Amino acid sequence: MDFSIKAFDTKNTLASAKTGCVAVAVFENKKLSQAAQALDTAGEITAALKSGDITGKAGTTLLLRGLKGASTERVLLVGLGNADSVGEKAFTSGVQAAVKVFATLGAADAIIALPMAEVKERDANWAIRTVVLAARDGAYRTDAQKSKKDPAAAGVKKIALAVTSNAATKAALAQAIAIANGMQLTKDLGNLSANVCTPTYLADTAKKLGKDYKFGVEILERKQLEALKMGSFLSVTNGSEQPPKFIVLKHMGGKPKDAPVVLVGKGITFDTGGISLKPGVGMDEMKYDMCGAGSVLGTFRAIGEMNLDLNVIGIVAACENMPSGRATKPGDIVTSMNGLTIEVLNTDAEGRLVLCDALTYAERFNPAAVIDVATLTGACIVALGHHHSGVFTRDDDQHNALAEELAAAGRATGDTTWRLPIGEQYNDQLKSNFADLANIGSPGGASCTAAAFLENFTRKYPWIHVDIAGTAWKSGAAKGATGRPVPLLTNFLINRT
Ligand code: BES
Ligand code: MN
Ligand code: ZN
């Protein structure tokens, strides 16, 4: 898929544009957008609305051919709802419907001439990103491991966005493409089966990114992890035949002395639950338990492509959580890298056990902020569904501001977050008779006790935890990784430059 920006004016008119298809907006109450009016010199669009062939409701489409007033072969009418106020949701559903039609056309290129700069509370840059992400999402295929590939999306391969061409819109387009490419890597890694996407595979992916974008990459092996005394992380990998990998990526795009943002990803390439074995039904979906790691790698691809002017460190703690004669047992007590002892009451609460050592490791970078990303708790899906990622941080001015900074980055990209609490009450739920901490809390608030557990290891820097259990992938017929929260993280980093 190829994207470009194309400005139209009175000389270089939309009506004279030579392209396979032009998408223009129509609205409820039979209203036409400016671009639709420009192609309606012979009245065909007005007639289509009048006859009721298209209502203008957001997300409706109607394909017209051979309009007398336009050089293009096809005009796609796209309903955007209320003419006086095009909302974010209406625009997004219109764009999604348009790219769906594009994919079925006998045309190779198209122009999207929707009102990009007129969406309520949004700007052209937002609209550009929305178009690119929707088109790329529509074109995404999950056939990497099929012997016969799904038929490639027919139709439009080149989309021109009709919007003012200037430095800002060009930068927005480049950013949108970088985010889409990052999401694609994250989706690919998430969708790969766990016998292929092992900790070693994630490490190799990081090495390849390092080569492509000149990141520093370091892979710490079991021996080094033992020397670092990562007893908590290592306890999770005990039952697995796959060697654990602790992956560190460095993008030093800022001034050498600037404190970096550190992204930490949970990289459980398969979560059986360990000795606290999960039920069989749906267990295949636990191949997605590395989506935190996948989104850190995807975000690195995005910032590498943009060569972002910021220092960013990525940490991925990767291993499998398997049962075996050597696996950690319920009640085992392990010592984490920062010295706290942990009673492993449930081996299925393994994400926090790998993350706590990664969070201690992060201290050495004197971070400006640490964001950990993890498919940490099923309870987060119960609380928030698949709409928002859960965000947890300390309740003080600095951390509340950090949470709002992240939330804003999410709202702007449609990759939204919602705040949930941590604090002393949840820490009290984690008390153990035999160790400093238990790895699960007394019943209730399982997402909050998981986050509260992590908080114990993050007291040396500003920190925020993102639970992506509900947002990183979809179950059901459209089963697959979503590429979230790459837009959230990437936009957060862009906003810091
Ligand atoms: N990877 C799971 C969390 C998860 C479950 C994500 C379902 C997405 C869908 C995590 O390791 C886990 O098993 N968490 C347990 C914690 C419990 C033992 C306190 C959970 O959520 O059930
Ligand atoms: Mn688990
Ligand atoms: Zn897990």
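Some notes on this structure:
- Filtered by the rule that a residue be over 21 Å from Ala362 (Cβ atoms), of a type outside the set (Ser, Thr, Tyr) and touching a residue at least 40 places away in the same chain (Cβ under 8 Å), segment 257-285 gives Phe270, Asp271, Gly273, Gly274, Ile275, Leu277, Lys278, Gly282, Glu285.
- Every pair of residues 6+ apart whose Cβ atoms lie under 7 Å, when the first sits in segment 133-154 and is touching a residue at least 24 places away in the same chain (Cβ under 8 Å) while the second is among the polar types (S, T, N, Q) and assigned to a loop (DSSP other than H, G, I, E, B): Gln145/Ser193; Ala154/Thr104
- None of Ala379, Ala469 is among the small types (Gly, Ala, Ser), within 16 Å of ligand 2 (Cβ to nearest atom) and touching a Cys at 6+ places or on another chain (Cβ under 6 Å) except Ala469.
- Of the residues screened, Ala302 is one that is part of a helix (DSSP H, G or I) and either more than 15 Å from ligand 2 (Cβ to nearest atom) or among the basic types (Lys, Arg) (or both).
- Residue check for Leu62: of a type outside the set (Phe, Trp, Tyr), over 25 Å from Thr482 (Cβ atoms), in contact with a Leu (Cβ under 8 Å, 6 or more places away or on another chain) and part of a strand (DSSP E or B): yes
- One residue alone among Ala452, Ala401 is buried (at least 19 other Cβ atoms within 10 Å of the Cβ), of a type in the set (Gly, Ala, Ser) and modelled with pLDDT of 95 or more, and that residue is Ala452.
- Among the residues listed as Arg496, Arg459, the single one being surrounded by fewer than 20 Cβ atoms within 10 Å (Cβ to Cβ) and over 25 Å from Gly304 (Cβ atoms): Arg459
- Here Gly273, Gly292 are screened, and the one residue that is within 16 Å of ligand 1 (Cβ to nearest atom) and on the phi > 0 side of the Ramachandran plot is Gly273.
- The one condition from (1) hydrophobic (A, V, I, L, M, F, W, C); (2) in contact (Cβ under 8 Å) with a residue 40 or more places away in the chain; (3) touching a Lys or Arg at 6+ places or on another chain (Cβ under 8 Å) that Phe102 does not meet is (3).
- Looking only at segment 327-358, and only at residues there that are in a helix (DSSP H, G or I) and in contact with a strand residue (DSSP E or B) (Cβ under 6 Å, 6 or more places away or on another chain), the one that is farthest from ligand 3 (Cβ to nearest atom): Ala358
- Subset of segment 189-218 (residues that are of a type in the set (D, E, K, R) and either surrounded by 22 or more Cβ atoms within 10 Å (Cβ to Cβ) or touching a Phe, Trp or Tyr at 6+ places or on another chain (Cβ under 9 Å) (or both)): Glu218
- Of Thr55, Thr72, Thr61, all but one fail to be within 24 Å of Lys11 (Cβ to Cβ) and of a type in the set (Val, Ile, Thr); the exception is Thr72.
- Residue check, Ala318 within 14 Å of ligand 3 (Cβ to nearest atom), under 28 Å from Thr490 (Cβ atoms) and under 23 Å from the mean Cα position of the chain (by Cα): yes
- Segment 265-289, subset away from ligand 2 (no atom under 11 Å from the Cβ) and in a helix (DSSP H, G or I), residue farthest from Ile468 (Cα to Cα): Asp284
- Count - residues of segment 438-474 that are assigned to a loop (DSSP other than H, G, I, E, B), more than 16 Å from the chain's Cα centre (by Cα) and in contact (Cβ under 8 Å) with a residue 24 or more places away in the chain: 9
- Qualifying residue in segment 230-240 (condition: in contact (Cβ under 8 Å) with a residue 24 or more places away in the chain, touching a Gly at 6+ places or on another chain (Cβ under 9 Å), within 16 Å of ligand 1 (Cβ to nearest atom) and not in a helix (DSSP H, G or I)): yes
The values are calculated or read from the model by the stated rules, or taken from the named source; none is laboratory data. All figures in this text were calculated on a predicted structure; none of them were measured in a lab. Every residue, glycine among them, receives a Cβ derived from its backbone with ideal geometry; neighbour counts consider all protein chains shown.
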